[in-house]
Amino acid sequence: MTLRLKDRGCRNKELLVRNPIPSTLPPIPCSWAVVSDFDGTITLCDVGDSILLHFDAATKKEIEDSYAFGVNMCEWMRKVFLKLRAPKEKIQAHVLASTRLRNGFKSFPAFCAANSVPFEIASGGIDLYAEPVFSKHRLKAKSFFGKARVAGNGVKITYPFLKKNTLDDFKAHRVLRLRRLGYKVIFCGDGTTDLKAARAADKVFAAKKLFGHCRALGLKATRLKNFHQVRDFLIQEGLKAED
Ligand SMILES: [Mg+2]
C-alpha cells in the first residue's frame, strides 16, 4: 500500500522541513516493530487500578505498593481481583465510562498494519476490560492479556501465555523475539514491569514510572506523550531508509 506522507497527518514540522514530501512514499521497510504495554500506556490511566479503586477491592496504598521493584504483578493481580465483588456488566460499564485512549492510538494499529510494521500489545491486564475498550474503538491488534472469569466469589484470572515466566520477562521476551527475527524494536510502556522490555528494545517511549526508572538508570528514553510521536518516528526511519 502506498501512502502520501501528508495523508498520514504528520505533525512533526521539523521532519517535514528537513525531508521534503516525496510525491509518493512506499511502505516503511519492515525494519521496525513495536511492542506496547496497555494500562497507562495505550490508555491514559491504569484501567485495572481504576476498577479496583472504584469497587473498593484495593486501597490507593496497596496499588502504589504494587509498583515497587520485585513485586510479581500477575500474582498481585490474581490475588487482589479475587476481592472484587461486582457483576461483569457493572465492571465493563465503569471501564467504558472512565477509560480514555492516549492521543494518536486509535489510528496507530491500522497505521502499522498498512505499513507492514509488526505491532503487538503485551499486558498484565485482563480481557474483562481490554475487550470492551477494543470493541468500542474498533481496534484490532495482536495482544496478550490475562483471562478473567467473574464469579460470585471474585474475579478469577489466569495468564496462559506466561507459562513459567514473570510478566517482566515475558514482555522482554516479546521484544527479543522480534529482534531475533531481524527487526529493530520500539517499546512503549509506563510501569516498573516494563523496565526489562525497555532495556531489551532499540528505542523506548516511556511514560510515568518507567520514564523515571529509565532516567535514574541512564537508559535513553523519549517521554511518551502520544502515539503520533511513535508514528512520526517510524515515518522518519522509513524516510532515512529510502536515502
Ligand atoms: Mg502499564
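For VAL155, the amide hydrogen comes within under 5 Å of the amide hydrogens of LEU82, LYS83, LEU84, counting only partners 5 or more places away or on other chains and with H modelled in the peptide plane.
Our coupling estimate for the range 105-122, obtained by passing each phi through the Karplus curve with A = 6.51, B = -1.76, C = 1.60 and θ = phi - 60°, is 6, 3, 9, 5, x, 5, 4, 5, 4, 5, 10, 6, 9, x, 9, 9, 10, 10 Hz, Gly and Pro reported as x. Based on the Kirkwood approach, the hydrodynamic radius assigned to the chain is 18.7 Å, with every pair of different Cα atoms included. For the chain, the relative contact order comes to 25 percent (Cα pairs under 8 Å, sequence separation of at least 6).
Less than 5 angstrom separates the built amide H of ASP46 from those of GLY40, all sequence-distant by 5 or more or on a different chain. Between LEU44 and LYS163, the FRET efficiency estimated from the beta carbon spacing at R0 = 25 angstrom works out to 0.20. Available extension along the chain between ASN226 and ASN103 is 43.8 nm, counting 0.36 nm per residue and deducting the alpha carbon span.
The trypsin sites (Lys or Arg not before Pro) of the range 80-121 that meet both conditions, a loop assignment by DSSP and at most 16 other Cβ atoms within 10 Å of the site Cβ, are LYS83, ARG85, ARG100, LYS106. Counting beta carbons within 10 Å around each of THR158, THR222, THR41 and listing the fewest first gives the order THR158, THR222, THR41.
Name the residues whose placed amide hydrogens come within less than 5 Å of the amide hydrogen of VAL34, ignoring near sequence neighbours (fewer than 5 apart) on the same chain. Amide H neighbours of VAL34, under 5 Å, 5+ apart: PHE119, GLU120, ILE186. Pairs from the table (LYS163/LYS209; LYS61/LYS171; LYS90/LYS196; LYS90/LYS184; LYS83/LYS220; LYS83/LYS203) lying more than 32 angstrom apart at Cα are LYS90/LYS196; LYS90/LYS184; LYS83/LYS220; LYS83/LYS203. Using the Karplus relation 6.51 cos²θ - 1.76 cosθ + 1.60 with θ = phi - 60°, the per-residue 3J(HN,Hα) values for the range 205-212 come to 10, 10, 10, 6, 4, 4, 4, x Hz, with x marking Gly and Pro.
The distance between label points at ARG199 and ASP127 comes to 3.2 nm (points 7 Å beyond Cα on the Cα→Cβ vector). As a proxy for reagent exposure, ranking LEU82, LEU52, LEU217 by other Cβ atoms within 10 Å from fewest up yields LEU217, LEU82, LEU52.
The slack between LYS184 and LYS90, meaning 0.36 nm per residue of separation minus the straight C-alpha distance, is 29.7 nm. Note down the net charge around PHE145, summing +1 for each Lys or Arg and -1 for each Asp or Glu among other residues with Cβ under 15 Å from its Cβ. For residues surrounding PHE145, the net value is +2. A straight line joining the Cα centroids of the range 25-91 and the range 108-124 runs 19 Å.
The 3J(HN,Hα) values that the Karplus relation (6.51, -1.76, 1.60; θ = phi - 60°) gives for the range 67-73 are, in residue order, 8, 6, 4, x, 7, 7, 4 Hz. Gly and Pro appear as x.
Just so you know, all these numbers are worked out from the coordinates, no wet-lab data involved. From a predicted model like this one, the values you see are computed outputs, not experimental measurements. So basically every Cβ, Gly included, is an ideal-geometry build from the backbone, and we count neighbours across all protein chains shown.
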